[in-house]
Amino acid sequence: MRGTRPVGTTPAAGDAVARPARRIPLSRERFVAWADAQAGAVLVLPAVLVILALSIFPLLFSLYLSLSRFQPVSGGFRFHFVGLLNYRKLLLGSEQEHFLGRLGDLGVTGWVVFALLAGVALFLLARSLVAGPLAPSRLVGHLLVAAAGLLALWLVVRTLAAGGRPGTLVVTWIYVFAGVALQFLVGLLLAVLCAQQLPGRRFFRVVFLLPMMITPVGVAYTFRMLTDTGKGPFAPIANWLGYANVSWVNDPWGARIAVMIGDLWQWTPFMFIVLLAALESQSPEPVEAAIVDGASRWQIFWHITLPQIAPVASTVILIRLIEAFKIFDMPNVLTGGGPGTATESLTLHAYVLWRSLDYGTSAAVAYSLLFVVTFVGIAYVRLLHRRTTTLG
Amino acid sequence: MTLRWRTSPTRPGPLAAVVSYLILSAWAFVVLFPLYWLAITAFKLPIHVNEGPTYVPFLDFQPSLHAWRYILVDLRNDTLRPYLNTVVVGVTSSLLTLILGAAATYGLSRFTYRIRLASVLTFLAGAVLTAFAIARGLPWQLAVAGGLGAFALARATALRRIRGPRLGNADIAFWMISQRMLPPVAIVIPIYILFQRLALLDSRTALVIAYVAANLPIAVWLLRDYFQTIPIELEESAAIDGANRYQILWRIVLPLALPGLVATFLFIFVLAWNEYLLALFLSSAKAQTMPLLVAAQNATRGPQWWYMSVLILLMIGPVIALAIVLERYIARGLLLGAVRG
């Protein structure tokens, strides 16, 4: 039904150029007729204007902010244009260790890991390139993704190596990629189990949905209570293992894992609920046919169910990828970004800078985040999402 | 055996059922235990918390209402005000979002829009120039009027002859929905400065405006499908009977889309209820919302888990009730959104 112009002969709105005004007596009917003719614009314009005013213009202004320095002057403030200085500061200057992290020394194992991961990534990319028509635009796209991916991988491996320390960029990547992968796997497992004919599955469905609705701030504090090694419910276990009064908050990986567990708890429901709905709406005939042909449970899942839900699965992963990049509440409340900056995400980094009145660098961090999100989003859609949606 | 499978292809065998139940129950425990712990901590005395964990009320410890009394009676206004703020901001912003979103979505599903890209770019360029003019010290009334005048002039003369690419409905919808990609932190500082200039910082109005902008893309995304499933014939017959657009929308379309509208409203409401980042930037004392109040607990008084549990319970109670009511709608809405992309 999309794109049809059904009722009456309403002219294409939105581009309605004012017609030559004839002198006509004002009347209610004419006004109603005029308003009717403008309905298209009247309906859409408010939303467009709100988004323009509060998303697009702030975005442009942010770009300007990221290129300038905030200066308080008497009776207010002004922004002094400094060019790319703020970005330089992030990548090379005083904020480098905070943003990118400190590079460690790659030992032999580090190089092996890096080479292995890079090899796998390049192999997958090459396969995806060969799979389609060899157009220049696709070649350039794949090369870009390969370059960016290798650079990112190099940064991750170097900062996680001995003596290194990941910056907020790498920490955010860890949250996003490891977090979303975990959430997807757990969500898929639960959805597959819940899609079976089991008595009482409605109970599970409602219970599994709950965490998604709960304020992240509340979730964060609840997990702080639970993970307290002295007063939390698992204190006896921690005691027994010899970890009594060892505070995970002081260990970078302990803190990061706590943040990721909180995030997993909160966002698995989203994956679960959408995947379950997708599983329940798939057509039963192929499965029945496969059963008649004697296919095993695993074969059915791998060859029939998974391809059927692939488009939806790909979309929820995309949505979660984009949302996960914005992670803020959980690390801010759970660990305050600490120890040091070990659990700080990019949004939190921008917030910390904003609080210290460094608006320019804060905007630069925000813009870097926007750039990374956009790049990952577009690469994901081009390389994976399109294929699943056209195949499925 | 084949026959049994065919009648119900997803019924598991006994072993599979047991394993399934084990896994599902394990995750249900993972989900519910934190909530249980929250609930019992809210009834503990400090001594019951500080002397190591106690698990079962009445057996391990004697429940007490002291934390509830402290939060609801002693601190009455300090708790009530943020609560009221959250309710007011949540309801107002969700209603506004719903109205704007429903109108836009309906328009996009029933009209054909073809806007010249050149017009859009001219408008944007004009707006940026106007902003610069204001920043350089021109009175804003003059700058805005000049900008609009220039745009109208350009549109009436030069733009008419350009035959560039046009933006259709799908482009507009995609543009709106793609705003979800925008990290809020990338736009919050300009919004902060804007509200500071308008003297709206730390007011409910500021939060409402910010939340409308933040949630509008989600409303459009969720509502798009509901409007497209409404049969167009009803609207056509109403038009033949002489109803105008607005009457059709008000009398026929909105009642038919009511379930979708309610579900979308509640979903947006939950998002606004839980929102933290924008509230952190835009409000401090007067317009403080519940997430801020909860987050502030730690900073002011150290981890006093019993008070914090009460606050968290007060905050999540309504949304848990909503989640139970909403379960079906959410699944459907999100699935349709996800299929469409």
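Here the Gaussian network model covers chain A, with springs between Cα atoms less than 10 Å apart; of A:ALA366, A:ALA235, A:ALA135, A:ALA135 fluctuates the most. Each Lys and Arg Cβ is given +1 and each Asp and Glu Cβ -1; about its Cα centre, region B:220-322 then shows a dipole of about 580 debye. Placing a pseudo-label 7 Å from each Cα along the Cα-to-Cβ vector at B:GLN141 and A:GLU288 gives an inter-label distance of 7.4 nm.
The C-alpha atoms of chain B define a longest principal axis, and helix B:140-156 lies at about 60 degrees to it. Size descriptors for region A:166-391 (Cα atoms only): Rg and Dmax, in that order, 20.4, 68 Å.
When peptides A:124-130, B:218-224, A:373-379, A:318-324 are ranked by their average number of other Cβ atoms within 10 Å per residue, the highest-first order is B:218-224, A:318-324, A:373-379, A:124-130. Mean partner shielding of peptide A:231-240, defined as the number of other chain Cβ atoms within 10 Å of each residue Cβ, is 3. Mean residue ellipticity, 222 nm, helices only, chain B: the sum of -39500 (n - 2.57) across DSSP H runs of n ≥ 4, divided by residue count and rounded to 500, is -23500 deg cm²/dmol.
Here's the list of aspartates and glutamates a cross-link from B:LYS286 could span, going by alpha-carbon distance under 16 Å and ignoring same-chain residues fewer than 8 apart: B:ASP78, B:ASP202. Shielding of peptide A:276-282 by partners, expressed as the average count of other chain Cβ atoms within 10 Å per residue Cβ, is 4. Across chain B, the relative contact order, built from alpha-carbon pairs under 8 Å that are at least six residues apart, equals 27 percent. Residues considered: B:LEU326, B:LEU15, B:LEU292. Largest GNM mean-square fluctuation over chain B, using C-alpha springs under 10 Å, is found at B:LEU15.
When the convex hull of its Cα atoms is viewed from all sides, chain A shows a mean projected area of 32.5 nm². Each Lys and Arg adds +1 at its Cβ and each Asp and Glu adds -1 at its Cβ; summed about the Cα centre, the protein assembly as shown shows a dipole of about 1960 debye. Relative to the dominant Cα principal axis of chain B, helix B:76-110 is inclined by about 40°.
Taking the Kirkwood radius as Rh and the Cα radius of gyration as Rg, region A:29-130 has a ratio of Rg/Rh equal to 1.30. Remark: the B:THR157-B:LEU59 segment gains 27.0 nm on full extension, using 0.36 nm per residue and subtracting the alpha carbon distance. Cα convex hull, region A:59-200: 248 Å³ per residue, rounded to a whole number. Put simply, the amide H of B:ARG166, placed in the peptide plane, has neighbours under 5 Å in B:LEU117, leaving out anything fewer than 5 places away on its chain.
Can you find, among B:ALA67, B:TYR113, B:ILE177, the residue sitting farthest towards the positive end of the charge dipole of chain B, where Lys and Arg contribute +1 and Asp and Glu -1 at Cβ? Among B:ALA67, B:TYR113, B:ILE177, the one farthest towards the positive end of the dipole of chain B is B:TYR113. Quick one: compute the contact order of chain A, relative version, from alpha carbon pairs under 8 angstrom and 6+ residues apart, as a percent. Computed value for chain A: 20 percent relative contact order.
Averaging the sequence gap over all C-alpha pairs within less than 8 Å and six or more residues apart, then dividing by the number of residues, gives region B:14-95 a relative contact order of 21 percent. Counting every alpha-carbon pair across the protein assembly as shown, the share separated by more than 44 Å comes to 30%. By how many degrees, between 0 and 90 and to the nearest 10, does the Cα long axis of helix B:258-274 differ from the longest principal axis of chain B? Helix B:258-274 sits at roughly 70 degrees to that axis. Where only DSSP H runs of four or more residues are counted, chain A gives -20000 deg cm²/dmol as its mean residue ellipticity at 222 nm, each run worth -39500 (n - 2.57). Counting only residues at least eight positions apart within a chain, or on another chain, the aspartates and glutamates with an alpha carbon under 15 Å from that of A:LYS89 are A:GLU97, A:ASP358. Considering only A:ASN332, A:GLN266, B:GLY242, and ranking their Cα positions along the charge dipole of the protein assembly as shown that arises from unit charges at the beta-carbon of Lys, Arg, Asp and Glu, the one farthest toward the positive end is B:GLY242.
Electrostatic tally near B:PRO34: other residues with Cβ closer than 13 Å to its Cβ, Lys and Arg +1, Asp and Glu -1, net 0. Taking 26 Å as the straight-line reach from the Cα of B:LYS44, the lysines in range (excluding those fewer than 8 positions away in the same chain) are A:LYS231. Sorting B:32-38, A:143-149, A:164-170, A:108-114 by their mean Cβ neighbour count within 10 Å, with the most densely packed peptide first, gives A:164-170, B:32-38, A:143-149, A:108-114. Comparing B:ILE316, B:ILE232, B:ILE99 in a Gaussian network model of chain B, where Cα atoms under 10 Å apart are tied by springs, the biggest mean-square fluctuation is seen for B:ILE232. For chain B, the percent of C-alpha pairs falling in each 10 Å distance bin, counted from 0 to the bin holding the largest distance, reads 5, 16, 22, 23, 17, 10, 5, 1, 0. Protection proxy ranking of B:80-86, A:272-278, by the mean of other Cβ atoms within 10 Å over each peptide's residues and highest first, is A:272-278, B:80-86.
Under the membrane-span-like helix rule (DSSP H runs whose alpha carbons stretch at least 20 Å along the helix axis, mean Kyte-Doolittle hydropathy -0.5 or higher), chain A yields A:108-131, A:136-160, A:179-194, A:252-280, A:306-324, A:359-380. Shielding value for A:193-199 is 6, the average number of Cβ atoms from other chains within 10 Å of each residue's Cβ.
Rule-based calculations on the coordinates, nothing more; no lab input. Remember, predicted model here, so these are calculated numbers, not experimental data. For neighbour counting, all protein chains shown are included, and Cβ atoms are generated from backbone atoms with ideal geometry for every residue, glycine included.
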